[in-house]
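Step one of this worksheet: look at the structure below.
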Amino acid sequence: MTDFLKIDGAFADSPAKPLEAPLGVSSTGPTDTWVDEFHENVERGVFTGYWRCAPGTSYWDFSDNNEVIYVIEGSLTVQREGEEAQTFGPGTSVAFPQGWKGTWEITETLTKFYVIF
């Protein structure tokens, strides 16, 4: 059987948790996040699902993995160390390659589909 999860069913059983390492580290105080992971392959280090985060600023370090996201709702501005800031909204796919370090400023509650590998 093929696994699937519709966005309208995501987060139904996911209580809010604070944003913390190893994901991002909030620099604006406690930031609520929700995760609905629906597929993982631990042996290969691949994880997929939906993630929602309240507005705030955080620091991200992709030293050990890559992440590709698809923004479903909300807005975020990312700034890789040493580069110009870029803003992304709904309908945008963004890749954060291994080694990417920088800040995310979520200006509107962000809902994304993610693949971590």
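Read-outs: derived from the displayed coordinates by stated rules, not from any lab. Note that the structure is a prediction, hence the values are computed from the model and not measured. Ideal geometry is used to build each Cβ from the backbone, glycine not excepted, and the neighbour counts take in all protein chains shown.
Tabulated values for the structure
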{"read-out": "Spatially proximal aspartates and glutamates relative to Lys6 (Cα-Cα < 15 Å; intrachain offsets below 8 disregarded)", "value": "Asp36, Glu37, Glu73"}
{"read-out": "Loop-located chymotrypsin sites (Phe, Trp or Tyr not before Pro) in region 1-37, at most 10 other Cβ atoms within 10 Å (DSSP)", "value": "Phe4"}
{"read-out": "Counted charge near Glu73, where neighbours are those whose Cβ lies closer than 11 Å (Asp, Glu -1; Lys, Arg +1)", "value": "+1"}
{"read-out": "Mean projected area (nm²) of the alpha-carbon convex hull when region 18-116 is viewed from all directions", "value": "5.8 nm²"}
{"read-out": "Residues Val42, Val94, sorted so that the one with the fewest Cβ neighbours within 10 Å comes first", "value": "Val42, Val94"}
{"read-out": "Paramagnetic reach from Ala21 in region 73-117 [backbone N under 16 Å; point 7 Å along Cα→Cβ]", "value": "101-103"}
{"read-out": "Stretch gain in nm, segment Glu73-Ser93, where the contour uses 0.36 nm per residue and the Cα spacing is subtracted", "value": "6.0 nm"}
{"read-out": "Positive-end residue, region 58-117 charge dipole about Cα centroid, Cβ charges, pick of Thr103, Trp60, Phe113", "value": "Phe113"}
{"read-out": "Computed magnitude of the charge dipole of the chain (debye, nearest 20; Cβ of K, R +1, Cβ of D, E -1)", "value": "80 debye"}
{"read-out": "Proximal lysines relative to Lys101, as straight alpha-carbon distance under 24 Å, when same-chain residues fewer than 8 apart are discounted", "value": "Lys17, Lys112"}
{"read-out": "Filtered trypsin sites (Lys or Arg not before Pro), region 1-55: DSSP coil and at most 10 other beta carbons within 10 Å", "value": "Lys6, Arg44"}
{"read-out": "FRET efficiency estimate (nearest 0.05) - Cβ-Cβ, Glu81 to Lys6, R0 25 angstrom", "value": "0.10"}
